[in-house]
Amino acid sequence: SPMVAKLGFDPVLDPPSPEDFARAVMRRKTPIKALLLNQEFSAGVGNWIADEVLFQSQIHPAHFANALSREQTDLILDQLKRVCVTAVEVNAESKLFPKTWLFHYRWAKGRSHTAQLPDGRNIEFVTVGGRTSAFVPDVQMLAPKTEDVPVDRSKRRRK
């Protein structure tokens with residue numbers, strides 16, 4: 001189908017080489033979170049997967065793709081494959097995901113308590129690429145050269 005032909009790589013069945021991934025990422029001037037969610041870039045990557053990959057890679061979701069280092073793109077690709085393969089291996093049964101994953105602690109947004117990791121580090125939420133992103137500021141710092149990236153920190157929901 002013409003729609004399927006537009007889909008990007010499959011992180012489990014057909015991941016790109018580290019070289020091809022780095023080249024594709026570094027030529028895009030968009031926040032890395034938005035790029036990972038782009039189905040024409042990487043098929044099947046949803047919001048929580050993108051957040052998990054970036055948390056495990058220690059990269060802020062608003063970091064511009066074209067400002068990433070080769071070491072960072074290699075790390076993102078490794079984590080993208082690892083997170084997706086792990087989810088597939090347990091048939092997406094979230095209680096079987098590793099306890100070190102952000103996934104287990106990100107769902108407190110909007111409740112009376114602050115979302116936190118078990119070690120007490122706070123989970124914060126920002127809008128990147130039109131989607132809410134969960135991230136841990138102590139781990140995922142925004143690099144100085146990408147500080148001018150517009151990040152919507154408003155609490156209002158857009159309609």
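Which FRET efficiency value, to the nearest 0.05, is calculated for ARG131 and ASP78 with the Förster distance at 35 angstrom and r the Cβ-Cβ distance?
With a Förster radius of 35 Å, E is 0.95.
Between HIS104 and GLN116, the simple label model (points 7 Å from Cα in the Cβ direction) yields a spacing of 1.6 nm. In this structure region 1-136 gives 51 Å² per residue of accessible area when probed at 1.4 Å with all protein chains present. Loop-located trypsin sites (Lys or Arg not before Pro) across region 14-68 with a Cβ neighbour count of 12 or fewer within 10 Å are ARG27, LYS29, with loop assigned by DSSP. Once the chain from ASP138 to SER17 is taken as fully extended at 0.36 nm per residue, the excess over their C-alpha distance is 40.5 nm. Note on LYS6: aspartates and glutamates with a C-alpha under 18 Å away, same-chain residues under 8 apart excluded, are ASP14, ASP20, GLU40.
For region 20-33, 3J(HN,Hα) computed residue by residue from phi via the Karplus equation (6.51, -1.76, 1.60; θ = phi - 60°) reads 5, 5, 4, 4, 5, 5, 5, 8, 9, 9, 8, x, 4, 4 Hz, glycine and proline entered as x.
In sequence order, region 130-141 has phi-based couplings of x, 10, 6, 10, 8, 8, 10, x, 5, 10, 10, 7 Hz under the Karplus curve 6.51 cos²θ - 1.76 cosθ + 1.60, θ = phi - 60°, and Gly or Pro positions carry x.
The values are calculated or read from the model by the stated rules, or taken from the named source; none is laboratory data. Bear in mind that the values here come from a model prediction, so they are computed numbers and not experimental data. Note: ideal-geometry Cβ built from the backbone for every residue, glycine included; neighbour counts use all protein chains shown. Protein only, heavy atoms only, side chains kept; ligands, DNA and RNA dropped before computing areas. Shrake-Rupley method; radii C 1.70, N 1.55, O 1.52, S 1.80 Å.
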